[in-house]
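The values are calculated or read from the model by the stated rules, or taken from the named source; none is laboratory data. Keep in mind that this is a model prediction, so the values were computed, not measured. Virtual Cβ from ideal backbone geometry, glycine too; neighbours counted across all protein chains shown.
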Amino acid sequence: MTTSTDSDHLLDLLKASGARITKPRRVIVRILAEKGGQHPDAMDIFRRAVREDSRISLPTVYRTLKVLEEQGAIQRHAFSDGRSRYEPAAGEHHDHLIDMDTGDVIEFHSEKIEQLQEEIARELGYEIVHHRLELYGRKRKAGKRR
């Protein structure tokens, strides 16, 4: 599900950077603005984009991602699988759980974790300016306990 507001915001940032707003860039932006916590990598975006417009090239995808990242519109995540994945920068803070078998990225928010991080920083004499939490795991097998 994409909202035109999200796509429009990303297109405005591309325009502000001096990039031309072409049909391929519109397709790429729409894919990035889709909701659902997908965290696609450049190849995922490219494969989806060429289904809509076979003239879209992989370099166009990479250039568009680079400009949007430089503008602060998207965040690049380098999870342990080595692929850079992207998501819109706007939105509520959340952390990530990465399934090591499937590569799925699950977004979550835990007030307990947020409070614990603040407490630890405060005890050490710091104020948190930014943080990113990534957990890596595998689904437990039914009946298996730790």
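Suppose we filter GLY82, GLY18, GLY72 for residues that are free of Cβ contacts under 8 Å to residues at least 12 places away in the same chain and within 23 Å of ARG132 (Cβ to Cβ); which single one remains?
So the residue among GLY82, GLY18, GLY72 that is free of Cβ contacts under 8 Å to residues at least 12 places away in the same chain and within 23 Å of ARG132 (Cβ to Cβ) is GLY82.
What residue, among those in the range 86-108 that are within 25 Å of LYS66 (Cβ to Cβ) and of a type in the set (A, V, I, L, M, F, W, C), is modelled with the lowest pLDDT?
ALA90
Considering only the range 64-108, state which residues are touching a helix residue (DSSP H, G or I) at 6+ places or on another chain (Cβ under 6 Å) and over 18 Å from ALA49 (Cα atoms).
GLN71, ALA73, ARG76
Restricting the search to the range 69-116, which residues are in contact with a Phe, Trp or Tyr (Cβ under 8 Å, 6 or more places away or on another chain) and part of a helix (DSSP H, G or I)?
Residue satisfying the conditions is GLU69 alone.
Any idea which of ARG30, ARG83 is basic (Lys, Arg), surrounded by 15 or more Cβ atoms within 10 Å (Cβ to Cβ) and modelled with pLDDT under 85?
Just one listed residue meets the conditions, ARG83.
If I filter the range 36-55 down to residues being in contact with a strand residue (DSSP E or B) (Cβ under 9 Å, 6 or more places away or on another chain) and outside any helix (DSSP H, G or I), which single residue comes out as surrounded by the fewest Cβ atoms within 10 Å (Cβ to Cβ)?
Out of the qualifying residues, it is GLY37.
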